[in-house]
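Can you keep this structure in mind? I'll have questions shortly.
Only the coordinates and a few stated rules stand behind these numbers; no lab work does. Here the structure is a predicted model, which means the values were calculated and not measured. Cβ sites come from the backbone with ideal geometry, for glycine too, and all protein chains shown count toward neighbours.
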Amino acid sequence: MTTSKIKIKLGAIEVEYEGSETFLKEELPQLLSAVSDLYAKSRTVLESPSSSQNTSVNSQAGLNANSGSTPKLEATTGSIAAKLGCKSGPELVMAAAARLTLVLQATTFARQRIIDEMKTASAYFKATYVSNLTVSLNNLVKDGKLNEPSKGHYALTATSLKDLEQRLV
């Protein structure tokens, strides 16, 4: 059996597959169609104006707030943690990831950037969250909430991004 590997990334949406070549031959067209539809829907969500804000998101991946794009959401990690009701390290990781993605428009972020962002939420941050970060990140990846596109770099999954947008915007 031949093993194949494919990685598709459109904006914040990323799909990675490693396995049977037969699956790719038979299912790739449907997979590409589903990813394309998801990307189109996510762009629509990102580009639609919020009822509470008159800002829009520049849909070009990889831009940050300093490069001329306007963030869709303006919030600190602490205020995001409050809205999400964070009570644990993994929940604060997700709040930090939400700020990095939705406010700062980072498509991926390193472990240290997550730590730095978590520390800004002083009302929620505990030093034990850093010492347990490896376990938290591994569990979030296993649970399908984060992707690890490269070693030590993370991104929200499309499902997590959609969920967080609905809860925060």
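Which three semi-axes in whole Å describe the equivalent ellipsoid of region 67-169, each the square root of 5 times a Cα gyration tensor eigenvalue, listed largest first?
18, 16, 13
Here is a follow-up. May I ask you to order 112-122, 132-142, 153-163 by the average number of other C-beta atoms within 10 Å around their residues, highest value first?
Packing proxy ranking, top to bottom: 153-163, 112-122, 132-142.
Let me ask something else about it. Report, in listed order, any pair from Lys126/Lys151; Lys7/Lys119; Lys119/Lys142; Lys9/Lys142 with a Cα-Cα distance greater than 21 Å.
Lys126/Lys151; Lys7/Lys119; Lys119/Lys142
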